[in-house]
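Asks: Got a structure here, written out as structure tokens. Questions coming.
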């Protein structure tokens, strides 16, 4: 890990989300230490997954996969992740790195993020943090959401606002006004998001996703379908738990096979967006991030339901695809500085017992 006397550090973080839509890496410059540090996203690189995506999807779907296939997928994913992180580093000497790994199961207290940290560290030649959820889970927490404290560092502001991540699942961080105590930060998972939108696109369009919501934009939502999807996913928004494997609500798609494709996609976007917008509550403003932030009908539905100004994290210098990768970098910084990376009030972990992340450090020959 870095020495505490370093006032400025370069940290690269990487994230592969449950949507399996690619690898994002972000280079972050951190000035200061711990929760009072200031952070700036310098670069962001996004690259698709390779052939390992087939095995990863089978694992995520709970299908039978051989140990050989898992091992090969882990190696390929690790090498590809390291390559994307090196590209984001742009030949800078990086002080720290953080890898989330690919979530193939999340059902607290069990959670599995597939990655080979040793392999990544050997290519980056710097200390690499991994198993970012493990300490929280070991302390009785749900291991999610893990980004609220990172959002506090990345997204300082004077007004109460929320950061909404539109990934496979949607999660929200509510940030209090500047100067408020850290224990006023709130965060929780809301509902499946891209999981449903992308599953519909795969089954109806034979495409990994509906780019920018283009097909959804070509139709109008069906009120009956919208009501049905809201009734299916909104109860999850009220659960004080981390969402994961089994919460994707894929079974709902089997009940609407007769629906027109464009109408179905428009209705899913409207229903999911309505649930998310309602969940935002009394925030003064919303900043969207994640792959779903490109989906225009989804974003429009969120804005309509929330009735507050809706922007993107890019408005404050954090590319929407980079936010989670940048958060991973900040979490590694917090752990390296001896700070907790999760909040007990959010994850449910024990307040006073927390093991840090796993670190791989290069050794001199």
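Asks: Would you give the gap between the C-alpha center of segment 185-203 and the C-alpha center of segment 318-339, rounded to a whole Å?
Replies: So the two Cα centres are separated by 22 Å.
Asks: Quantify how much of the Cα-Cα distance distribution of segment 244-311 extends past 18 Å, in percent.
Replies: The share of Cα pairs beyond 18 Å in segment 244-311 comes to 44 percent.
Asks: Could you work out the per residue convex hull volume over the alpha carbons of segment 1-81, in cubic angstrom?
Replies: Taking only Cα atoms, segment 1-81 has a hull volume of 121 Å³ per residue.
Asks: Could you order peptides 161-168, 328-335, 68-75, 273-280 by the average number of other Cβ atoms within 10 Å of their residues, highest first? It would help to have the intermediate numbers written out before the result.
Replies: On the way: 161-168: 26.4, 328-335: 27.9, 68-75: 15.4, 273-280: 23.4.
By packing density, highest mean first, the sequence is 328-335, 161-168, 273-280, 68-75.
Asks: If you don't mind, there's one more thing I want to ask. Let me understand segment 199-270 better: what is its radius of gyration from the alpha carbons, and its Dmax, in angstrom?
Replies: Just the Cα atoms of segment 199-270 yield Rg and Dmax of 12.6, 36 Å.
Asks: Could you check which residue among 290, 271, 62 shows the biggest mean-square fluctuation in a GNM of the chain with a 10 Å Cα cutoff?
Replies: Between 290, 271, 62, it is 62 that shows the largest mean-square fluctuation.
Asks: At 0.36 nm per residue, minus the direct Cα-Cα distance, what do residue 350 and residue 227 gain on full extension? Give it in nm, one decimal, please.
Replies: Value of the extension gain: 40.4 nm.
Asks: Which percent of Cα pairs goes in each bin when the distances of segment 35-74 are cut into 10 angstrom slices starting at zero?
Replies: Percent of pairs per bin, in order: 23, 33, 16, 21, 7.
Asks: Using a 10 Å cut-off around each Cβ, can you sort 253, 175 from fewest to most neighbouring Cβ atoms?
Replies: Arranged by neighbour count, lowest to highest, 253, 175 become 253, 175.
Asks: When you take every Cα atom in segment 65-145, what is the radius of gyration, and what is Dmax, the widest Cα pair distance, in Å?
Replies: Reported Rg and Dmax, both Å: 13.8, 40.
Asks: OK, next. Running Debye on segment 104-220 with equal point scatterers at the Cα sites and no solvent, what base-10 log of I(q)/I(0) appears at q = 0.12, 0.15 Å⁻¹?
Replies: -0.67, -0.95
Asks: Can you list the equivalent-ellipsoid semi-axes of segment 1-155, largest first and in whole Å, using the square root of 5 times each Cα gyration tensor eigenvalue?
Replies: 27, 19, 13
Asks: At q = 0.15, 0.18 Å⁻¹, work out log10 I(q)/I(0) for segment 157-316 with the Debye formula, treating every Cα as an identical point scatterer and leaving solvent out; two decimals please.
Replies: -0.73, -1.03
Asks: Restricting the calculation to Cα positions, tell me the Rg (one decimal) and the Dmax (whole number) of the chain in Å.
Replies: Taking only Cα atoms of the chain, I get Rg and Dmax of 19.6, 66 Å.
Asks: Would you mind ranking 250, 209 by Cβ crowding within 10 Å, fewest neighbours first?
Replies: Fewest-to-most ranking of 250, 209: 250, 209.
Asks: As a test, work out the antiparallel percent of DSSP beta bridges whose residues both lie in the chain, rounded to the nearest 5.
Replies: Antiparallel bridges: around 75 percent, rounded to the nearest 5.
Asks: Whole Å is fine, so just give me how far the alpha carbon centre of segment 126-145 lies from that of segment 44-114.
Replies: Each part's Cα centre sits 16 Å from the other's.
Throughout, read-outs are computed from the coordinates displayed, never taken from laboratory work. Not measured: the values here are computed from a predicted model. Neighbour counts run over all protein chains shown; Cβ positions are idealised from the backbone, glycine included.
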